[in-house]
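Trainee: Have a look at this one.
The values are calculated or read from the model by the stated rules, or taken from the named source; none is laboratory data. Note that the structure is a prediction, hence the values are computed from the model and not measured. Here the Cβ positions follow ideal geometry from the backbone for every residue, glycine too, while neighbour counts run over all protein chains shown.
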Amino acid sequence: MSVQITDFGKTKEGQKVSLYTISNGNGMKVSVTDYGANLVSLIVPDKKGGLRDVVLGYGSVEGYFESPSFFGAVVGPSANRIADAKVTIEGKVCQLDVNDGPNNLHSHKDLGFHKRMWRAESSEQSVTFTIEDEDGSLGFPGNKKLSVTYTLDEENALTLHYHGSSDRKTVLNPTNHSYFNLKGHDQGNIEDHVLMLCASRYTPVAEGSIPTGEIAPVAGTVMDFTAPKRIGDQIDDPCEQLLLTGGYDHNFAIDGWDGTLRPFGTVKSPDGLLEMKGYTTLPGVQFYAGNLITPEPGKGGAFYEKRSGFCLETQYFPNSANEKNFESCIFGGDREYDSVTVYRFC
C-alpha cells in the first residue's frame, strides 16, 4: 500500500492543489484532491484483469471550479434539498442559499465545501481531509469541523469515514457525489447496469423534489429494486414520481437501519465483469441516474452527457432538518456526526 502526492494545479487565488493517489497490491488506485475533497478517479480491476476508471471527473483542478454536476464532490455541510431554504434550530430561523427553485440544494453551489481547500494528511493506505467553517457561514449556525478519510484496503474496498462537530446545534449531512459507470467513465449511458437496493421503502417527492414526509413501500412501483433490475427498464415510464425528477433521483430507506454498517445495494456492469457492493451506517441512499448531467468534456478526452453515470449518495433523508417523520440530521454540542460508507469491488 502506498500514497503518492502529485501536482493537480492551482486555485483561482493561486494556492497549490495536490492529488493523492492510494494504491493497493491488486491494481486498484484511488485518486482524491484537497480541493473539495473530490474523488477524481477510481481505477479497479475487472474479472479478466483489465483496469477501469469507474468514476466521472476531470483531469485537473480547473474542471472542478465549475463542475455543475458535482462530480466526485464531498458536499457539505448539508447535502441534498432543504425545503424553502430554511431550517429552524433552537427556535431561530436560519436562512440558507436559495438555489434550487425556492429550496436549498447542496448548501451552496459556489461556496459549499466542494469548492474549498481542505487540509490533508496521508498515511500508508488513507488520506484524511479536514475543513473548518465559522458560525453563520452559508446560513448554518455553529463553528463546524468536518473530516473525511478515504481508505483503500487489499480487498478492493474504498471506505469513506466522516466525522463532524459543532459548538452549536446545526445541520450536518455530508455525502460523496461521485458518479459511477462500471463499464468505464468514458463508456456512455448507464441504463444497462443492473441495480439491486436493500430498500423496501422510499421517500416520495412533491414538486421541487422535496419529500412529502411519507416513507412508502416500493412494492408494485417503478421504485422497486429489491430484486436486481436494469436501471433503464422503467426509467422513462410516465409515472408521477419519475416525471417530477426526470428519471430516478430519489432517497431510499435502507432496510433494518440501526446505525451499524449495513449493505445498501449492489450494481453489476452489463458485461458481467465488475460488481460494486455498497455498505453504510446511514439511514438513506439517494439513487440518482444522472438525468441532468450537463454535457461537458471530462478527463482523458471523455465527453459526459445525460445518464453517463449514476450516484449512490448515502445520507440522512432529504429535508430531514425540517421533517419530524425522518431521523434528524441536527448535530452539535454533545451529539457529534459520524458515519461510514464503503464501496467494495468484486
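So that you can scan it fast, the table gives a plain yes or no per residue for (1) of a type in the set (Phe, Trp, Tyr); (2) at pLDDT 95 or above; (3) buried (at least 16 other Cβ atoms within 10 Å of the Cβ):
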residue	(1), (2), (3)
Ile254	no, yes, yes
Phe264	yes, yes, yes
Gly272	no, yes, no
Met276	no, yes, yes
Phe287	yes, yes, yes
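Trainee: Within region 154-172, identify whether any single residue is in contact with a Leu (Cβ under 9 Å, 6 or more places away or on another chain), assigned to a loop (DSSP other than H, G, I, E, B) and not hydrophobic (A, V, I, L, M, F, W, C), and answer yes or no.
Mentor: no
Trainee: Pairs only if they're at least six apart or on different chains, beta carbon under 6 angstrom, first in region 94-110 and hydrophobic (A, V, I, L, M, F, W, C), second surrounded by fewer than 21 Cβ atoms within 10 Å (Cβ to Cβ) and part of a loop (DSSP other than H, G, I, E, B); list them, first residue then second.
Mentor: So the pair list comes out as Leu105/Asn99.
Trainee: I'd like to check which strands (runs of 3 or more DSSP E) are fully inside region 192-278 and have at least 2 residues that are touching a Gly at 6+ places or on another chain (Cβ under 7 Å) and of a type in the set (A, V, I, L, M).
Mentor: 194-197
Trainee: Return the residues of region 294-303 that are part of a loop (DSSP other than H, G, I, E, B) and modelled with pLDDT of 95 or more; say none if nothing qualifies.
Mentor: Hits for region 294-303 are Pro295, Gly298, Ala302.
Trainee: Tell me which residues, restricted to region 1-26, are modelled with pLDDT of 95 or more and small (Gly, Ala, Ser).
Mentor: If the condition is that a residue be modelled with pLDDT of 95 or more and small (Gly, Ala, Ser), then Gly9, Gly14, Ser18, Ser23 are the ones that fit.
Trainee: Considering only region 36-48, how many residues are under 14 Å from Tyr150 (Cα atoms) and either assigned to a strand (DSSP E or B) or of a type in the set (Lys, Arg) (or both)?
Mentor: 4
Trainee: Does region 279-293 contain at least one residue that is touching a residue at least 24 places away in the same chain (Cβ under 8 Å), over 28 Å from Ser166 (Cα atoms) and assigned to a strand (DSSP E or B)?
Mentor: Checked region 279-293: at least one residue is touching a residue at least 24 places away in the same chain (Cβ under 8 Å), over 28 Å from Ser166 (Cα atoms) and assigned to a strand (DSSP E or B).
Trainee: With the condition kept exactly as written, say whether any residue in region 32-40 is aliphatic (A, V, I, L, M) and either closer than 26 Å to Pro270 by Cα or modelled with pLDDT under 95 (or both).
Mentor: Yes, region 32-40 contains at least one residue that is aliphatic (A, V, I, L, M) and either closer than 26 Å to Pro270 by Cα or modelled with pLDDT under 95 (or both).
Trainee: Next question, about the same structure. So which of Glu66, Glu121, Glu155 is charged (D, E, K, R) and in contact (Cβ under 8 Å) with a residue 24 or more places away in the chain?
Mentor: When all the criteria are applied, what remains is Glu155.
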